[in-house]
Amino acid sequence: IGTLRAAHTDARRSATVIVCRAEPVVVAETRRLVKALGDAHVAIEAVVVNATPAKLDDDGEHSLDTIASLAPSARHFALPSQMPETGADGAAALLDRLTSLPGTSAPAREPTREKRHAQSMVEGHSAAQDLVRQLTIVGGKGGVGKTTVSCALALAAAEAGGRVLLVSTDPAPSIADALAQPIGDEEALVADVRGGELRARQLDATAAFQRFRLEYESRVDELFGTLMPRGADATYDRAIVRDLLALTPPGIDELYALS
C-alpha cells in the first residue's frame, strides 16, 4: 500500500485523470472526489468533461464554470456528446474530438522525448499522449465514461509507440464492450492498434482479494502450527487472527487489486 501511495503522489511517475459530466449532481460528487484526492496529496493532472452537449442550458454553463474551478492547476478538456463507438477505431475517433474546455488554459509543458514526435498530431491525440505516465489512474462517479476515456488514453499511448497495459478493477466489466473484443482476467492483446502494443485486462478484484485472503488464512494456520506445542491449539486465538480480514472496509478489494 505504501508503494501505491508513493506512486500516486509522484507526478513524474503517475497521473490522475478525473472524468465527469456537466450535470449538477455529478459536479457535486466530483467536488468531493477532488477534495479527497487533495487531502491524500494526489495531484490531478486533468479533468475531462464527457458528453458535453452542443448547446448548454443555464445549469450546464454553471456546471462547466464550477468544474473549471475545482482543480485550477489541472488541464481541462471537453468531449462532445456523440453516439458511442467501439473498438480501437472508435477510441481514436473519440480523441479527434477532445478539445480544451472553453475558459481554461493548459499550462505549458516541455514534451518528453517520447512525446516530441507527436507534436504534429491533432490536439486531442497529442494531449492524450501527454497525460499518460508510467501509472495513469482514471476515476470518477459511475456512468460518466471512465472506461471510454481510459481506453482512448491507452490507445493514444500505444499508437505513440509504447507498450501499454490497460487494467480495469470496476465491478461492472465494460472494457470488452468498449474495445469490441473479449477481455477477461488475463492480459489480452488488443487488435487493430497501430504503432505500439496495447494489452488489456478486466481484473476481478473480488476474486483477487479472495485468493489473498485464503493465502493469509493458510499462513495463519501454518504460523500457529509452528508456535504451539505438539497436541495443543489456541483455537479461539487462531480464529480471531484468521477473521481479521473480515473487518476490512468496503473497497479494500479494489485497493488490493491496484497494489
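The values are calculated or read from the model by the stated rules, or taken from the named source; none is laboratory data. Since the structure is predicted, the reported quantities are computational estimates derived from the model, not experimental observations. Cβ atoms come from the backbone with ideal geometry, glycine included; neighbour counts cover every protein chain shown. For the accessible areas, the whole protein counts, side chains as well, though only heavy atoms, and no ligand, DNA or RNA atoms are used. Shrake-Rupley method; radii C 1.70, N 1.55, O 1.52, S 1.80 Å.
For the peptides 190-199, 209-218, the ranking by packing is 190-199, 209-218, with the highest mean count of neighbouring Cβ atoms within 10 Å listed first.
Pull out a ≥ b ≥ c, the square roots of the eigenvalues of the alpha-carbon gyration tensor of region 123-207, then state rounded if a/c is under 1.5, prolate if not and a/b is larger than b/c, and oblate in the remaining case. Because a/c hits 1.5 or more and a/b fails to exceed b/c, region 123-207 counts as oblate. Taking a point 7 Å out from the Cα of ASP237 in the direction of its Cβ, the residues of region 191-225 whose backbone N falls within less than 15 Å of it are 220-225.
Compute the length gained on full extension between ASP192 and THR206: take 0.36 nm times their separation in residues and subtract their Cα-Cα distance, giving the result in nm to one decimal.
Working: separation 14, 0.36 × 14 = 5.04 nm, distance 3.06 nm.
The ASP192-THR206 span can extend by a further 2.0 nm.
Amide H to amide H, with H built 1.01 Å from N, THR52 comes under 5 Å of LEU79, SER81, counting only residues 5 or more places away or on other chains.
May I ask for the net charge around THR86, where only other residues with Cβ less than 14 Å from the Cβ of THR86 are counted and Lys, Arg are +1 while Asp, Glu are -1? Its environment carries a net charge of -4.
Here's how it looks for HIS76: its modeled amide H is under 5 Å from those of VAL47, LEU101, which are all 5 or more places away or on a different chain. Taking label positions 7 Å along the Cα-Cβ direction at both LEU258 and ARG213, the computed distance is 2.0 nm, reported to one decimal. Assuming charge only on the beta carbon of Lys and Arg (+1) and of Asp and Glu (-1), the dipole of region 9-68 about its Cα centre is about 340 debye to the nearest 20.
Going from most exposed to least, what order do VAL48, VAL167 have by accessible area with a 1.4 Å probe? All intermediate terms of the calculation are to be shown ahead of the outcome.
Numbers: VAL48 5, VAL167 70 Å².
Accessible-area ranking of VAL48, VAL167, largest first: VAL167, VAL48.
With the simple model of a label 7 Å out from the Cα in the direction of the Cβ, ALA180 to SER100 spans 3.3 nm.
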